[in-house]
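The values are calculated or read from the model by the stated rules, or taken from the named source; none is laboratory data. All of these numbers come straight from a predicted model, not from anything done at the bench. A quick note on method: Cβ atoms are made from the backbone with ideal geometry, for glycine too, and the neighbour counts reach across all protein chains shown.
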Protein chains: 2
Amino acid sequence: MTTKQPSTMSTMATAPKKPTIRDVARLAGVSYGTVSRYLNGNEHVSKDAAERIAAAIEQSHYTPNKAARSLARQRTQTVALIIQVESNETMVQASVSEAMVGANQVLGDAGYQMVTIIANSDESTQRITQLVNSDFADGYLLFSLSEDDSLANAFLNVRRPVVRSEISDRGDLPYPAIDFANRDGQRAITRYLLDNGRTRLAYVCGPGYSPTAGNRLDGFKDAVGDDYDERRVYYADDWEITSGEMAAVAFQPQLDRIDGIVCANDSIAIGVINQLARFGYTTPDDIAVTGFDDSPLALLVNPKLTTVRQDSQLHGRAMAETLLRMLHGTAIEPHHVELLPTSIVKRQSA
Amino acid sequence: MTTKQPSTMSTMATAPKKPTIRDVARLAGVSYGTVSRYLNGNEHVSKDAAERIAAAIEQSHYTPNKAARSLARQRTQTVALIIQVESNETMVQASVSEAMVGANQVLGDAGYQMVTIIANSDESTQRITQLVNSDFADGYLLFSLSEDDSLANAFLNVRRPVVRSEISDRGDLPYPAIDFANRDGQRAITRYLLDNGRTRLAYVCGPGYSPTAGNRLDGFKDAVGDDYDERRVYYADDWEITSGEMAAVAFQPQLDRIDGIVCANDSIAIGVINQLARFGYTTPDDIAVTGFDDSPLALLVNPKLTTVRQDSQLHGRAMAETLLRMLHGTAIEPHHVELLPTSIVKRQSA
DNA sequence: CTGTTAGCGCCTTCAG
DNA sequence: CTGAAGGCGCTAACAG
């Protein structure tokens, strides 16, 4: 079967509109109910009819209309992955794009088409709220919603399964979340520093709107225990490199009494290292620095980052799997939380 | 109006199914045809009726069903951005995610919902082919299709507007393309090297399946003219850092007679610089190196990359705009090509 | 096993 | 200005 059949092409030229199930039925000499059965894998179709239908479909280039099918069947076989990006400037994080690929894989294998939607303005949030309430998809994967996010409100009354990518303190969002064990991870890498004789540690915390930032800070607190000193914590406004540089500046007066800086993520760590270098401190000799995420950047910088690794593809897969379970009717406790493991990857910066 | 109204909530509890246009009509005391008119901004609705309908909608939390509307109206108000990723390992390129944001903006402003779909396996390609032929969206934005891509075949018989992100030699794809002036850009930065006294130039070319790779190489050829020497060209298998390293290795025997290496993109350039350093050559003193894309990485490495900048958000916006034009009925020449300008950004590596 | 038929929720003439 | 009715393309329940 070649893709292009001249005869077929000319046929199509004379009949420029898409064939419907009735056209196929007519071609095959059966009623269109039978064609529908064939299409949906119903047993009760004679071998003979099946063959004629198959031929008719082939010949007419028939493909079922998605809207009609969704309407009749009351489900779309589509899952939407909604990702919130802070602004037009920020782009999609590497971890998010990896998770997308993971989720896309398992959803696709299960016969669902995943589509991703970007929310980055009030207007888009508005539009998405409409969409979600219009039975656009059978289920939703929510990425990086901040605590007080207006986008989250869009899902308050949704009658479809939803899975979140971050744990949250927000009590009115009755959806399971799958997240990394951020607290454990940060605790572990902090202990690693401690075990290596770094005793005067500082911390650069992620932005306040992010639950993840808080969880990672908690892990740091766990590890340092009574040595925790609020004066050696810098609260960044975002997750970017610049924030790391600002943190180092803020710490400057006490840098001589600091021998390690634990950062909320890799980008911040890179910023810290850069700024420390400008101040004349070398990493890790003078001050050890750790990141979090093990993003592609971790390998690019000098020194290479010692950081907490998380498997983002797995994150996407795990989220998709529990969504599928819900789609299949399995009841999941509304505030169910699954924490994915992280691991320390030791490189040069600490 | 608070989002959660206890009374409404309990009402919903007793009537667990979504309200339809008929429910709204009943509540407002009009026929549902009138509600439909109201919904679609038809003039012929009395002020009185409009108000009652608005109240009924508010009260019932009504949102039109997407599938039904699409079916009746024969359009979805949706545009799909399809992006092909080489494998599960490769993630979404920064430039692509930026273009996504740009296109999303323009499309959203025009009342379309953009959804992005990932193609990364035969199975997903298969599924997408079905989708595209099922009137899933009103138009398509195609990202990074390789020349002989099977995915491209999915669009051979589509009856909807399509815009491509790369120019191509493939003649059977009658869709306009919007691309960067890759050839011009590479020619310009090569000339820049030449003008700065670099006379023995080598080139690292992108993967063969990519038209872009060829266009950039052509730009290099333009600039060096008769000095072009096939022995100083390395053909990479992909766009990644590792390929740059391999290129440097391949060039090693003649490195002493080379004073500049023009690379197909930033990642490759970074790989080249790294490997050169290992061989004991410094950049740019011994050998100047240039990139292409001005990706976020360009600023992170040492020395910072001198490269060709392209505005990826603009790319997305431009593609969306011509798609909109086609959606609005403007005829666009099938093989129309628009080339977006690039600029040289001088930093440290050359 | 197969034809018939009643919707799915909404849009859009067509009368009135 | 508004109600009634046919249809968008397909599914599913019901006779036969």
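At-a-glance table
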item: Pair list, Cβ < 7 Å and 6+ apart or interchain, from region B:20-35 residues that are among the hydroxyl-bearing types (Ser, Thr, Tyr) to residues that are within 7 Å of DNA strand C (Cβ to nearest atom) and in a helix (DSSP H, G or I); result: B:Tyr32/B:Ile21; B:Tyr32/B:Arg22
item: Subset of region A:37-73 that is near DNA strand D (Cβ under 10 Å from one of its atoms) and among the aliphatic types (A, V, I, L, M) - its residue that is farthest from the other protein chains (Cβ to nearest Cβ); result: A:Leu39
item: Failed item in (1) within 9 Å of chain A (Cβ to nearest Cβ); (2) outside any helix (DSSP H, G or I), with B:Met100 passing the rest; result: (2)
item: Lone unmet requirement of (1) within 17 Å of B:Ile261 (Cα to Cα); (2) within 21 Å of the chain's Cα centre (by Cα) for B:Arg160; result: (1)
item: Index of the failed condition, A:Val30 passing every other in (1) facing chain B (nearest Cβ under 7 Å); (2) over 21 Å from B:Gln313 (Cα atoms); result: (1)
item: Selection count where residues are modelled with pLDDT under 90, within 12 Å of DNA strand C (Cβ to nearest atom) and small (Gly, Ala, Ser), scope region A:30-72; result: 5
item: Qualifying residue in region A:321-343 (condition: crowded, with 16+ Cβ neighbours inside 10 Å, free of Cβ contacts under 8 Å to residues at least 40 places away in the same chain, away from every other protein chain (no Cβ under 14 Å) and assigned to a loop (DSSP other than H, G, I, E, B)); result: no
